[in-house]
Amino acid sequence: MGSACVFDKPERLSALSGVIEPGTFGRKIAGGPGITLRERPNLSIIQVAAYADTAEETGAVIQDLIGVLPPPEPNRSIMVDSIQICWIAPHKWWIIETDQRHGAEFIAGHLGNGAAVTSQGHGRSCIRLSGPSARDLLPKGCTLDFHPSRFSAGHCAQTSLGHSNALINCIDDEPIFDLYVFRSYAVSFWEWIADAAGEFGYQVSSSPEHG
């Protein structure tokens, strides 16, 4: 018998391909734009949903695999190396990576029947929002309090942002926020956030952010 055929996995096409235009836009601000927008394409997003009686064991397995315990508190996230783990719901987390070191099959194989593991990356788009005016932009489309004393690094929340359901994760007090929306709403969300950023002046990076 001949050898089996092996096909390379095609790179996922961004929902914002052909939409994002690099450059500087909006109001001219002394000192430079107050907002930076950058897409983070091709992320691995693995959702782990444990049962109430297996949550502790599931967390311990994730810690063994990744090196950090998933946050037990609501609306918290944690970052180790380039991996983010976000609390999504009781006993449910997202594991977000820039590569496939810990794919769904790999994690599911270690968790067994103690949790449901699904890949979510194909259905989400991520925009990284940063800059000195980032905390002023977010309230234009959301009712959460983004003051540093209330929403600092290590906080995340699922909410409505610019008429789209979104997961907002603050990963740095610079500040830097990662905004996750459904792929089918990516273009609409991009149009909203670009319009909202106009008054602050904004720059769109020409190179994708993988970190």
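The values are calculated or read from the model by the stated rules, or taken from the named source; none is laboratory data. Predicted model only: the values in this text are computed from it and were never measured. Please note: Cβ atoms are built from the backbone with ideal geometry, for glycine as well, and neighbour counts cover all protein chains shown.
Is it fair to say Ala166 is assigned to a strand (DSSP E or B), among the small types (Gly, Ala, Ser), at pLDDT 95 or above and in contact with a Phe, Trp or Tyr (Cβ under 9 Å, 6 or more places away or on another chain)? Yes; evaluated as a whole, the condition is true for this residue.
Any residue at all in the range 28-36 that's part of a strand (DSSP E or B), touching a strand residue (DSSP E or B) at 6+ places or on another chain (Cβ under 6 Å) and assigned by TED's automatic domain parsing to the domain that holds Ala197? Yes, some residue in the range 28-36 is part of a strand (DSSP E or B), touching a strand residue (DSSP E or B) at 6+ places or on another chain (Cβ under 6 Å) and assigned by TED's automatic domain parsing to the domain that holds Ala197.
The number of residues in the range 118-150 being small (Gly, Ala, Ser), in contact (Cβ under 8 Å) with a residue 40 or more places away in the chain and either surrounded by fewer than 21 Cβ atoms within 10 Å (Cβ to Cβ) or in a strand (DSSP E or B) (or both) comes to 6.
Within the range 31-54, if we keep just the residues that are surrounded by fewer than 20 Cβ atoms within 10 Å (Cβ to Cβ) and more than 15 Å from the chain's Cα centre (by Cα), the residue that is nearest to Gly103 (Cα to Cα) turns out to be Ala49. Of everything in the range 73-82 that is assigned to a loop (DSSP other than H, G, I, E, B) and at pLDDT 95 or above, the residue that is farthest from Ala55 (Cα to Cα) is Asn75.
Among the conditions (1) touching a Leu at 6+ places or on another chain (Cβ under 8 Å); (2) more than 17 Å from Ala50 (Cβ to Cβ), the only one that His110 does not satisfy is (2).
Could you list, in sequence order, the residues of the range 83-97 that are more than 21 Å from Val181 (Cβ to Cβ) and surrounded by fewer than 18 Cβ atoms within 10 Å (Cβ to Cβ)?
Keep residues of the range 83-97 that are more than 21 Å from Val181 (Cβ to Cβ), which gives 90-91.
Passing the criteria: only Pro90.
Collect the residues in the range 90-149 that are closer than 25 Å to Phe200 by Cβ and hydroxyl-bearing (Ser, Thr, Tyr), keeping them in residue-number order. If the condition is that a residue be closer than 25 Å to Phe200 by Cβ and hydroxyl-bearing (Ser, Thr, Tyr), then Ser125, Ser130, Ser133, Thr143, Ser149 are the ones that fit.
This table checks each residue for (1) within 19 Å of Leu43 (Cα to Cα); (2) assigned by TED's automatic domain parsing to the domain that holds Pro71; (3) not basic (Lys, Arg).
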residue	(1), (2), (3)
Gly103	yes, yes, yes
Arg135	no, no, no
Thr143	no, no, yes
Tyr185	yes, no, yes
